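First up is the structure itself, then whatever we jot down about it.
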Amino acid sequence: MKLIFNINYRTNWGEAMYMLGNITQKDTQPDLIAMSIKGNDTWCAIVEIPENTTVDIEYRYIVKSENAVERHEWGKPHKLLANAGVKDCIVYDRWQDQPYNKHYFSSAFIDGIFHRETSTKKLEVKPNNLLLSVTAPHISPNECLAISGNNNELGNWDPDKAILLNDSLFPIWQVNIPLEKITDKFNYKFLIKDKETGRVIAWEKNNNREFDIATILNNDSIVLNQNFIDPCYNWKGAGTAIPVFSLRSEDDFGAGDFYDLFKMIDWVVETGQNFVQILPINDTTMTHTWTDSYPYNANSTFALHPMYLRLDAIGTLSDSEKMKEYKSIAKELNSLAEVDYERVTSTKSQYVKEIFSEIGASVAKQKAYKSFIESNKYWLTDYASFCVLRDIYKTPDFTQWGEYKEYSKAKIEAIIKKYKKEIELIYFTQYFLDKQLTEVRDYAHKMGVVLKGDIPIGISRTSADAWVNPKLFNMDSQAGAPPDDFSVLGQNWGFPTYNWEEMSKDGFSWWRSRFIKMSEYFDAYRIDHILGFFRIWQIPMDAVHGLLGIFNPALPYSTDELKHQYDFWIDHNLHTTPYIMDYFLTDFFGEYLHEVKGAYLDSLGYGRYQLKTEFNTQKKIAEYFVGIEKTDKNDKIKEALLGLVDQVLFIEDPIKKGHYHPRISAQFTYIYRSLNDYERWCYDRLYNDFFYHRHNDFWYGKAMWKLPPLINATDMLVCGEDLGMIPDCVSAVMDSQQILSLEIQRMPKDPKAEFGYTGSYPYLSVGTTSTHDMGGIRSWWEEDRTKTQHFYNNMLHEGGTAPYYAEPWICDKIVSLHLNSPSMLTILPLQDWLSIDGTLRRENPKEEQINVPANSRHYWRYRMHLTLEKLNKESTFNKTLKEKIKNSGR
C-alpha cells in the first residue's frame, strides 16, 4: 500500500516539514519522516506499507530548522484508518493551528455539553472511495452533520437526501463517498440537521465547496480533511457555584460529600444549566482541627479530602449497633446550620478505619483497586507517608520530623514497610474517593453537565509537595496579594512562592501532572489568582501584613534610575526603615502612648523613634502577643505596632541590593505625607510607572513561558480569576490562549468605573454576581448605602431612593443583567440564584458568606439552609428559573 501525504503550508527559508507518528507501523518508537516541497507551499511524503495491511495510524506535522524553535501543530494528532484492500491512498491534510473557537474543542464541550452517545464504528478508507473528514465541534447531541451536493450521490442539493456523517471520532465527522459514478468535479456543502426530525437547522457559512475528481484518478482512495465553517451563534450557558462541603442532603454526615453532586447535577439540569463549579477538594488535613477547613491549604495537590466520602457507599459495618450509633451522629450533625468540621472529619475517619478493618483485604484484591494504586503511585506513596509521619510527630511541619525532615526514597520504602496497615488505610480511602468522584463525573457527562474545579495558585509549606520537591519552591518567602477593596492590608497566604526556573528544567512536569490529575474529574477549571503566573506578590518571612510585599519577578529601580529619570533622591535609612515620629504616634496608640514608648520604642532624638530589637519585625510582634493575655488593649497595641512596621516608602530588593520597589499603597503612609509637593509628584510618577506600565512586556514574556505548556497539558476549559491589580499584559495573554476571564460587576476592570457594565463583557468570560470571598447580592446591598444608591439609579435604572434590603425583584433584575450579558458563562453562587425567590432564600444574608479574606483564620463552614431534595421539588421556582435562563439565550 502506498500512502501519499500532502499538506499545504508556507514555510520560511531554511525550514523543512516532517511527519511524526506510528506511520510505518514497524516500531514502537514514532517515525520521523522528512517531507519534500512540491511547488511553492505544498509538502509531500510517500510511505510504503506492506500489502494487505490494515493501516491504523496517528501522526503530526512538525516544522524544523537549524536556527529556530520547532513549530508543532495544536490539538490532537491526525488519524488514518485504511482497509487492507487499499492499494494507493492520497491524503490531503491541513495544518492544525489553535482554532478561533478553541473552547469548543475542550472536554467541557466534547465530553460534557455536546456529549454524544455513539455506537457507530470508525470509518476506514476503502478502495475507490473518497473519505471526507470534517472537524465540527459545535454540534449539539440532538443534531447531526450532513453533506449535500450537485450530483445524485449527494442528493442534488435536496437536504432530505443529504448523507449523514459518522460521528464516532467527534468532533471529527466522516463520510465515505463511492467514486464509481463520479467522473467530474462536483460542488458540495455541509449542513446541520435535527437528529429526530431531519429538519435543516443551518447550512454552513461559506460558498459551495468544490472537488475535482480528475486530479487524483491514479489513486484508488482519497482522504480529504477539512474544517466546518460554523454558521451558528456563539454558545452561551449558565451554572451554579457552591463548595462541596456546603451541599446539604438527607443522606449527609454533617457536610456535603461527592454523592451530593448527583442531586446538584439533577437540579442544574432541571433549571436549564450546564455547569457546577466547586472550590478545591484536595486533602487539607494538617492539625485535625477546624483550622484545616481552609480549602486552599492542601497537604497534597493530588490527594482528595476524606471528608467528601459517602460512607455507606463504601460498605456497611457488620455490627448493627455501631451502625445505629453512626446514623444517630450523622442525624445530629446534619441538623446543624453549619459544618462542625472537627466532628465530621473525626467521625468519618473512625468509620473508614472500622470498615477498612472489615473489607480492606478483599478490596485490595480487586482489579480496579490495583489499577488505581499503580496509576497513582507517582504521588500516592509519598502522600501516604507524609500523612503517617504527620500523625506520628503530631505536626505537618516536616522540618520537625527528625531523621525524616529531608525526603528520600529509601526512607519512604522503610515507612511503607513499618507502617503497612496505616499506609494501606490511606490507599483505601483515596481509592474510594477517586471511585465516587469518577462516578459523579460520568453522571455529569451523561447529563450534559460540566464539573468545574479550582486550582489554587499556592501550595502549603507544610505539604507533601514541599517535602518531596523542596527545590521547586522558595521556602524563604511567602505568597499573598496586594491590598484591595476586601483587604486593605493585603493578603498573606503564607504559601511559599514557586521556583519557576527549577520547574522549567523538566518542562514544568509537576504542574502538568497536577493539571492532568485534575482532568480525571473535571472538564473545566478556574485558575485561582492567574496573575501569579505573571508575577506573584512575595512577602518577607518576617512580615504579617501583605503591604510589605514585592512583585516577583520584577524590575526594581536602581538609585541612579530614581535620580536621573524621576528626580527622586532616595535615602535608604529614611525611606526603607519604619518612619516613626512623635507627632503622629497618638493616632496609633491613643491613651496607651506613654506605655508604648517605654515598652516598645527607642528614641533616636529629634522626635524620631525606632522599634526595640525584640519588636522590629511584624513576626516578632505577633509572636510576642500570642504569649500574653488577649485583651482589647493588647489587641489595639499589637495592631498599631504592626502598622508602624508598614511605615516605609520603599522596599529594598532582597536579591539585588541597592535596587528598590515602591511600597504598595505608600500614599497612605506618614512618610509619604512628610514629602514636599514636588517630591510627592516625583514619587507618584515612579509609583504609577512601576505598578502599571514598567513590567508589561516583561510579565507578558514570563506568562507566555509558563501558561501554554500547562494549559495545553489537558483538554479542560480554562478560566482565570483575573482580579486585583491587573497589568495590561494579562488580557493580551488570556486572549491569545483563549482563557475565560472573570467579570464581577462590583469589581470593574476599568479603574474609572464604579461598576462593570454587563453588556460589554467579552464573550470569553465568566460573568458572576459574587464569589466565595465576598457577600452575595443581598449582603452587598446592605454594606454601603451610597454605592447601593448609585447602583440602583445608574445600573438598575430605577428612580428614587433605593430600598434598604435587596428585595426579590431587585435580585431578579441583577441576575437578569448577568444572564443577558455576552459572557459565554454566567455562573452564580447558589445563594444568588435563590435570592430572587422570597420564600426560598435564607432569612439572614450575612450567614451566606463563605469566606472573609481579611481574616486568615476564617472558619469555612457555610452550608445550604435547605436540602437538595427540597430544592429539586420546588417545581414552580425551578420552572421559572429555567424559563429565565432559556429566554436569555442560554
### Message
If I compute solvent accessible area with a 1.4 Å probe over the protein chains, what percent of it on the chain is carbon and sulfur?
### Response
50
#### Entry: Cα centre as origin, Lys/Arg/Asp/Glu Cβ charges: the chain dipole, Debye
1080
### Query
So what's the angle, to the nearest 10 degrees on a 0 to 90 scale, between helix 785-794 and the longest Cα principal axis of the chain?
30
#### Entry: 17 Å reach of a label modelled at Asn844, 7 Å along Cα-to-Cβ, counting backbone N of segment 326-356
336-340
### Task
Provide the packing ranking of 538-546, 358-366, i.e. peptides ordered by the mean count of other C-beta atoms within 10 Å per residue, highest first.
538-546, 358-366
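Under 14 Å from the Cβ of Asn208, count the other residues' Cβ atoms, weight Lys and Arg +1, Asp and Glu -1, and hand me the total.
It works out to a net charge of +1.
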### Query
Could you give the angle, 0 to 90 degrees to the nearest 10, between helix 808-819's Cα long axis and the longest principal axis of the Cα atoms of the chain?
50
### Query
Between Asp184 and Lys882, how many nm apart are label points set 7 Å from Cα along the C-beta direction?
5.3
### Listed peptides 411-422, 135-146, 75-86 by packing density, highest first (mean Cβ within 10 Å)
135-146, 75-86, 411-422
### Task
Give me the distance in nm between label points sitting 7 Å out from Cα along the Cα-to-Cβ direction at Thr801 and Glu639, one decimal.
3.1
## Note on the structure
Length gained, Lys505-Ala16, 0.36 nm per residue minus C-alpha separation, equals 173.3 nm
### Summary
For Glu439 and Asn142, extending 7 Å from Cα along the Cα-Cβ vector and measuring point to point gives, in nm, a value of 3.0
### Query
Per residue, how much accessible area does the chain have with a 1.4 Å probe, in Å²?
44
### Task
Using amide H atoms built 1.01 Å from N in the peptide plane, name the residues 5+ places from Ile827, or on other chains, whose amide H lies under 5 Å from its own.
Gly239, Gly767
### Task
Distance check, please: which entries in Lys38/Lys161; Lys813/Lys879; Lys102/Lys370; Lys195/Lys882 exceed 27 angstrom between their Cα atoms?
Lys38/Lys161; Lys102/Lys370
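Tally Lys and Arg at +1 and Asp and Glu at -1 over the other residues with C-beta under 11 Å from the C-beta of Asp773: what net charge comes out?
Spelling it out: positives minus negatives among the neighbours equals -4.
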### Query
Summing +1 for each Lys or Arg and -1 for each Asp or Glu, what net charge is found among the other residues whose Cβ lies under 13 Å from the Cβ of Cys682?
-3
### Nearest-20 debye value, segment 9-141 charge dipole, Cβ charges on Lys, Arg, Asp, Glu
340
### Task
Relative to the longest principal axis of the C-alpha atoms of the chain, give the angle of the C-alpha long axis of helix 509-518, reported between 0 and 90° and rounded to the nearest 10°.
70
## Note on the structure
Counting only backbone N atoms under 15 Å from a point 7 Å out along Cα-to-Cβ of Lys353, the residues of segment 262-292 in range are 288-289
### Task
Determine, for each peptide in 233-240, 649-656, the mean count of other beta carbons within 10 angstrom over its residues, then list the peptides with the highest first.
233-240, 649-656
### Query
For segment 447-462, what does the Karplus curve 6.51 cos²θ - 1.76 cosθ + 1.60, with θ = phi - 60°, yield as ³J(HN,Hα) per residue in whole Hz, taken in order and with x for Gly and Pro?
8, x, 10, 9, 8, 10, x, 9, 9, x, 6, x, 10, 5, 6, 10
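State whether segment 524-590 is rounded, prolate or oblate according to the following rule on the C-alpha gyration tensor (a ≥ b ≥ c being the square roots of its eigenvalues): a/c under 1.5 gives rounded; otherwise a/b larger than b/c gives prolate, and the remaining case gives oblate.
Oblate, because a/c is 1.5 or more while a/b does not exceed b/c.
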### Under 5 Å, built H, 5+ apart or other chain: amide partners of Arg663
Phe650, Ile651
### Query
In segment 795-850, which GluC sites (Glu not before Pro) fall in coil by DSSP and have 16 or fewer other Cβ atoms within 10 Å?
Glu798, Glu843
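The values are calculated or read from the model by the stated rules, or taken from the named source; none is laboratory data. Since the structure is predicted, the reported quantities are computational estimates derived from the model, not experimental observations. Please note: Cβ atoms are built from the backbone with ideal geometry, for glycine as well, and neighbour counts cover all protein chains shown. Areas reflect the complete protein model, heavy atoms only, side chains present, ligands, DNA and RNA absent. Shrake-Rupley method; radii C 1.70, N 1.55, O 1.52, S 1.80 Å.
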